[in-house]
Amino acid sequence: MTTSAAQRSVEMGTPMFRQYWQIKAQYPDPDTILFFHVGDFYEMFFDDAKTAAPLLEITLTTRNPNDASPIPLCGIPIHAADGYVAKLLAAGKKVALCEQVEDPKQAKGVVRRDVVRVITPGAVLDAEGLNAREHNYLAALVVDHARYGLAVIDISTGEFRATEFGSLAAAREEIDRIGPRELLVPSELPWSPTTRAMTCTPLEAAAFDRTTLPLLAGCDAVGALGQSAAAAIWHYLHYTKVAGAKPITHITTLQPYQAHDYLVLDETTRRNLELLQTLHDGQRAGSLLWLLDRTSTAMGARRLRHWLLYPLRSVTAIDARLDAVQQLMADVTRQEILLATLAGVADLERIAGRIATGHASPRDIIALRDSLRHLPTIIRTLPESPPLLASFSHAIDPCADAADRIAATLVDQPPLSAGDGGVIRDGVDAELDRLRALQYEGKGFIARLEASERARTGIGSLKVRFNRVFGYYLEITHTHRDRVPADYIRKQTLTNAERYITPALKEYEEQVVTAEARSHALEYEHFTRLREELAHALPRIQQSARQVADLDALLALARVAQEGDYCRPTLVEAPMIAIEAGRHPVVERMLRDERFVPNDCCVGMSAPQGEPRGIHPPLPLGRGMGEGETSPNTPLLIITGPNMAGKSTIMRQVGLITLLAHLGSFVPAKRAVIGLTDRIFTRVGASDNVARGQSTFMVEMAEAATILREATAHSLILIDELGRGTSTYDGISIAWAVAEYLHDHVHARTLFATHYHELARLADTKPGVANFTMAVKEWNDRIIFLRTLVPGAADRSYGIEVARLAGLPPSVTTRARELLAELEQDPWRTASAPPAAQLGLFPSPDPRHEAVCERLRILDPQTLTPLAALTLLAELVEQVRDTTAI
């Protein structure tokens with residue numbers, strides 16, 4: 001039975017299901033699961049139940065199993081809803097929370113229900129549905145005449161920014177970098193998610209009307225398309241009722257930004273340099289972020305991750321961070337005090353977000369109080385210089401008034417929910433204290449009442465008791481019936497006793513029975529009032545949170561630099577890189593049984609005279625790269641050598657050192673001079689992209705095309721093994737042509753690793769090309785990789801020896817050596833021999849088919865009906881057959 005049929009069958013049935021379908025009709029999106037409040041459960045029906053049950057790993061049952069059309073049903077306890085909601089969000093679903101909005105005891109007919117909130121992947125506030133160390137972004141994209149507007153928000157922290165792009169590729173690239181959990185797009189715009197973690201939500205055109213965007217600070221600096229995208233987000237947040245019926249108060253600014261103001265790292269580069277996760281298994285451990293993240297707070301971790309994805313391109317801004325890191329490294333005592341203090345600071349950004357939207361719990365508020373009390377220690381500990389650290393002490397506001405208000409109102413260890421009672425301190429409200437006394441002193445009152453009534457009546461066996469049917473009552477045996485006072489009201493007769501009530505006892509019973517509910521309601525009023533008062537302090541709390549996050553991220557960089565013996569890089573405007581004794585930060589950290597071999601690298605133009613401070617390029621280099629061996633005006637290095645010798649590691653470490661320098665971090669090297677870089681490109685390894693229908697070779701060529709199209713003289717290009725996905729001659733030709741183009745037209749700093757030794761000949765004719773190879777020592781028929789980059793070109797690949805090290809059987813490697821010796825003596829392998837002709841994918845047309853080709857050239861497919869197209873096809877086939885037969 002389909003849902004529509006089931007709907008028709010119940011619309012004339014129970015009032016509850018008529019109500020259910022009225023509410024469900026307001027949320028027709030098949031990805032939106034309606035949580036329908038019934039008693040102590042959220043229940044799901046029909047298709048929602050069929051979808052949710054397997055995702056939540058709960059039993060799918062039926063509401064009326066004996067009927068001809070049973071209704072699919074599953075349910076979850078309300079108290080455990082957060083975990084189940086998180087599972088559905090992870091699966092890309094949305095949840096509409098439909099609550100009972102009136103007391104069932106007072107309802108006339110079916111209890112009134114309404115959707116109080118729609119929880120979507122991009123509009124999450126509850127801690128259980130969020131990764132504490134990552135942002136949870138909701139983005140919106142709009143297009144108009146090949147211009148694209150993009151806005152992004154983290155509703156949990158209040159971050160809200162917007163930008164514009166001149167191409168779809170640039171917009172998609174920025175969306176990939178942001179990694180939103182949910183993307184809002186116009187319903188008429190075809191768009192597929194760039195990752196499985198992203199949910200795409202289409203909106204009607206009216207949602208993108210920028211005139212509906214409130215007057216936020218910064219709006220005027222954002223273009224019209226950026227404002228339209230921001231308006232869509234604002235519309236969506238109200239649709240999801242993220243703040244209920246309240247205005248969204250913690251988002252006061254729309255921050256304009258331009259992606260090109262930062263060093264650009266596309267998805268390929270982020271993946272190849274393993275910035276956020278490893279290539280091998282997609283895990284965080286082993287990534288650059290894993291190495292750097294020594295933060296003490298969740299907001300500091302998010303800030304560091306953001307810095308990693310948006311490295312700076314201003315020497316002034318970079319030096320400000322480097323000055324701060326250097327100062328924190330120099331004063332270990334100050335550093336330890338700050339670290340110990342930050343350990344007690346909770347996630348102020350997200351607590352502020354929950355306060356603003358009415359979702360903060362009592363424990364959130366106490367965490368806010370405790371965190372604010374740590375801020376004065378941070379202020380006192382921060383040094384007066386450099387300027388960046390000094391600015392934190394002036395910008396951090398301890399909000400003592402808010403902390404004191406919390407301390408005066410809430411108990412130190414409240415329950416999770418404000419509705420559970422035990423949240424408000426004694427002495428805050430006299431009526432609340434009285435109601436609590438009624439609850440706590442109930443047994444004492446009964447004992448005192450029993451004693452006083454025994455004394456008044458002279459009945460020593462009189463008892464005061466309670467049951468669920470009658471409530472409180474007095475019980476007197478028949479023996480003392482004649483002593484019962486006139487104000488006693490008979491309630492029940494037993495075999496040997498009578499039960500009575502009195503007006504005073506019933507009045508007390510009313511107070512006791514309702515005291516708990518009344519006290520809980522009164523506590524909730526006080527709590528919500530406190531939460532609303534704290535909302536007025538949110539701008540100050542948010543400002544302090546931003547400073548603390550920055551400080552935490554800088555401290556993390558200082559700790560990593562200290563432990564790794566990093567040096568301070570020098571940033572210059574000239575397009576150059578000069579690294580002495582550079583190391584790969586992650587590989588070095590993960591090595592256990594061997595020492596990492598440092599390497600030098602000089603590539604690009606030299607810095608102007610007098611720069612950089614403390615180093616006069618070209619650097620005096622060691623380990624085979626003596627001064628003068630590498631021209632300071634060499635933008636392209638051809639690197640040859642066998643697999644496993646360390647080519648890829650050296651290339652990646654140059655990329656990571658360049659990135660870390662732009663981050664404002666010290667770098668793993670003895671000395672480093674880094675020219676400002678607009679973008680890091682990588683072409684590393686080869687793999688199919690099955691999802692996009694691309695072969696290994698197609699992926700290689702697409703990445704190479706992006707580099708040739710978008711790189712500038714201020715870019716850094718790392719190419720490893722280009723052309724391996726096709727035949728040898730094709731591969732050499734393509735690699736050679738790409739290297740030539742980079743040298744002649746792009747002029748970017750380029751490290752080009754290859755197995756094609758023929759490329760070494762480029763240095764003979766191109767003045768900006770230098771050859772380097774990985775040093776190898778041959779000993780006793782074996783090879784030893786020295787992991788050192790030296791001038792020159794490799795003349796052997798050592799592939800068979802690498803195969804032996806990889807575990808190929810000795811019989812196979814012995815036979816391979818025999819075959820190699822034969823091939824090396826084969827005269828057709830000499831360089832003078834012309835390459836064999838390659839079979840073309842599109843052969844030259846047969847002259848006999850020129851008439852057919854001419855008909856196809858002038859054909860306009862848009863003017864053909866299906867029948868005319870089939871007729872024409874038949875004619876062309878016959879024409880080809882006739883000419884072929886001649």
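Just want the answer: with Cβ charges of +1 for Lys and Arg and -1 for Asp and Glu, which residue in L308, A245, A206 is farthest toward the dipole's positive end in the chain?
A245
With every protein chain left in place and a probe of 1.4 Å, what is the accessible surface of M590, to the nearest 10 Å²?
Probe radius 1.4 Å; accessible area of M590 about 100 Å².
Just order 481-491, 655-665, 63-73 by mean Cβ neighbour count inside 10 Å, highest at the front, would you?
In descending order of packing, they fall as 655-665, 63-73, 481-491.
Can you flag which of K105/K506; K24/K105; K463/K491; K463/K506 are past 19 Å Cα-Cα?
From the list (K105/K506; K24/K105; K463/K491; K463/K506), the Cα-Cα distance tops 19 Å for K105/K506; K24/K105.
Let me have the relative contact order for the stretch 378-437, percent, based on Cα pairs under 8 Å that are six or more residues apart.
19
List the lysines whose Cα lies under 19 Å from the Cα of K777, skipping any in the same chain that are fewer than 8 positions away.
K647
Which residue, chosen from T59, A139, V110, occupies the Cα position most advanced towards the positive end of the dipole of the stretch 1-156, where the dipole is computed from +1 (Lys, Arg) and -1 (Asp, Glu) charges on Cβ about the Cα centre?
It is V110, whose Cα lies furthest towards the positive end.
How much net charge surrounds Y257 when only other residues with a Cβ under 15 Å from its Cβ are counted (Lys, Arg +1; Asp, Glu -1)?
Local net charge: -4.
How large a share of the accessible area of the chain, in percent, is made up of carbon and sulfur atoms when the probe is 1.4 Å and the other protein chains stay in place?
After summing per-atom areas, the C and S share lands at 53 percent.
In degrees from 0 to 90, rounded to the nearest 10, what is the angle of the helix 503-535 Cα long axis to the longest principal axis of the chain?
In the chain, helix 503-535 runs at an angle near 30 degrees to the longest axis.
Between the helical axis of 430-440 and the dominant principal axis of the chain, each derived from Cα atoms, what acute angle in degrees is found, rounded to the nearest 10?
80
Ignoring ligands, DNA and RNA, how do W779, W736, W234 rank by accessible area with a 1.4 Å probe, largest first?
From most exposed to least exposed: W779, W736, W234.
How charged is the neighbourhood of H238? Take every other residue with its Cβ under 12 Å from the Cβ of H238, and add Lys/Arg as +1 and Asp/Glu as -1.
My count for the surroundings of H238 gives +3.
Taking the solvent-accessible surface of protein heavy atoms with a 1.4 Å probe, what is the per residue accessible area of the chain in Å²?
47
Would you mind giving the average projected area, over all directions, of the Cα convex hull of the chain in nm² with one decimal?
Projected over every direction and averaged, the Cα hull of the chain covers 58.1 nm².
Among Q22, N780, T728, pick out the residue whose Cα is farthest towards the positive end of the charge dipole of the chain, where Lys and Arg carry +1 and Asp and Glu carry -1 on C-beta, about the Cα centre.
Selected residue: Q22.
Express the relative contact order of the chain as a whole percentage, based on alpha carbon pairs under 8 Å and six or more residues apart in sequence.
Relative contact order of the chain: 9 percent.
What is the local net charge at A127, summed over the other residues whose Cβ is closer than 11 Å to its Cβ (Lys, Arg +1; Asp, Glu -1)?
Taking every Cβ under 11 Å from that of A127, the sum is -2.
Taking the DSSP beta bridges in the chain as the whole, what percent of them are antiparallel, to the nearest 5?
Of those bridges, close to 60 percent are antiparallel.
Where the only charges are on Cβ atoms (+1 Lys, Arg; -1 Asp, Glu), what is the dipole of the chain about its Cα centre, to the nearest 20 debye?
2200
Quote the accessible area belonging to D550 in square angstrom, nearest 10, computed with a 1.4 Å probe and with ligands, DNA and RNA left uncounted.
Surface accessible to solvent at D550 totals approximately 40 Å².
To one decimal place, what orientation-averaged projected area in nm² is obtained for the convex hull of the Cα set of the stretch 397-512?
Mean projected area for the stretch 397-512: 9.9 nm², to one decimal.
The values are calculated or read from the model by the stated rules, or taken from the named source; none is laboratory data. Predicted, not measured: the structure shown is a model, and the values here were computed from it. When we count neighbours, we look across all protein chains shown, and the Cβ atoms used for this are built from the backbone with ideal geometry, even at glycine. We work out accessible area using only protein heavy atoms, side chains counted, and drop any ligands, DNA or RNA first. Shrake-Rupley method; radii C 1.70, N 1.55, O 1.52, S 1.80 Å.
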